[in-house]
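The structure appears below as structure tokens.
The values are calculated or read from the model by the stated rules, or taken from the named source; none is laboratory data. Quantities reported herein were computed from a predicted structural model and do not represent experimental measurements. When we count neighbours, we look across all protein chains shown, and the Cβ atoms used for this are built from the backbone with ideal geometry, even at glycine.
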């Protein structure tokens, strides 16, 4: 049984809603279980027991939110030092507001998290353009939902549920294939 963990930060609840959709998609894959945890509640034990970890964040000035950065620095740093995440599956997603198609900075925030995923020795799963709903807010790095405009929060858009579930299922299938494998020495 492959275990998928979604670790996220959220400001207005939209990133949590996207995390819930990703968990739904990952859990729909036979032989996989999935759960989500807020960054401030996730532990190194949660990370070590997972076969895949999907990191999610709202965009803050073109960067991941401080809560996800704190999680990466405090929890993931120790795992990196001991090579505890090598060969596990990793992926990312984001929500963003402001100006621009996905809410300015979505790609930069995801790239920052991808850097951490790969630094941990994880195998990154992208979001292919052939994925259902990609046109609604997909980037090759992961789904990115526009959840605010120049007037403020607008919530999690209904048309992003399908791409989020698809991303969760893609990651779960990869985790299922690689679970228990010794990928790196």
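Summary table
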{"item": "Tally, over the range 1-27, of residues that are buried (at least 22 other Cβ atoms within 10 Å of the Cβ), assigned to a strand (DSSP E or B) and more than 13 Å from the chain's Cα centre (by Cα)", "result": "1"}
{"item": "Test result for residue 95, assigned to a strand (DSSP E or B), within 16 Å of the chain's Cα centre (by Cα), buried (at least 16 other Cβ atoms within 10 Å of the Cβ) and modelled with pLDDT under 95", "result": "yes"}
{"item": "Within the range 78-88, tally of residues that are in a helix (DSSP H, G or I) and free of Cβ contacts under 8 Å to residues at least 24 places away in the same chain", "result": "1"}
{"item": "Residues (touching a strand residue (DSSP E or B) at 6+ places or on another chain (Cβ under 7 Å) and either in a strand (DSSP E or B) or modelled with pLDDT of 90 or more (or both)) located in the range 128-147", "result": "129, 131, 141, 142, 143, 144, 145, 146"}
{"item": "Test for residue 161: is it crowded, with 16+ Cβ neighbours inside 10 Å, at pLDDT 95 or above and under 27 Å from residue 33 (Cα atoms)", "result": "no"}
{"item": "Scan of the range 99-127 for residues that are part of a loop (DSSP other than H, G, I, E, B) and either under 13 Å from the mean Cα position of the chain (by Cα) or modelled with pLDDT of 95 or more (or both), ordered by number", "result": "120, 121, 122, 125, 126, 127"}
{"item": "Residue list for the range 41-61, filter: crowded, with 16+ Cβ neighbours inside 10 Å and over 17 Å from residue 124 (Cα atoms)", "result": "42, 44, 46, 58, 59, 60"}
{"item": "Long-range neighbours under 7 Å by Cβ, at least six apart or interchain, first residue on the phi > 0 side of the Ramachandran plot within the range 53-75, second in a helix (DSSP H, G or I) and at pLDDT below 95", "result": "62/108; 62/109"}
{"item": "Search result, residues across the range 28-60 that are outside any strand (DSSP E or B), within 19 Å of residue 142 (Cβ to Cβ) and over 15 Å from the mean Cα position of the chain (by Cα)", "result": "28, 29"}
{"item": "Residue satisfying all of: in the range 62-77; surrounded by fewer than 21 Cβ atoms within 10 Å (Cβ to Cβ) and not in a helix (DSSP H, G or I); modelled with the highest pLDDT among these", "result": "63"}
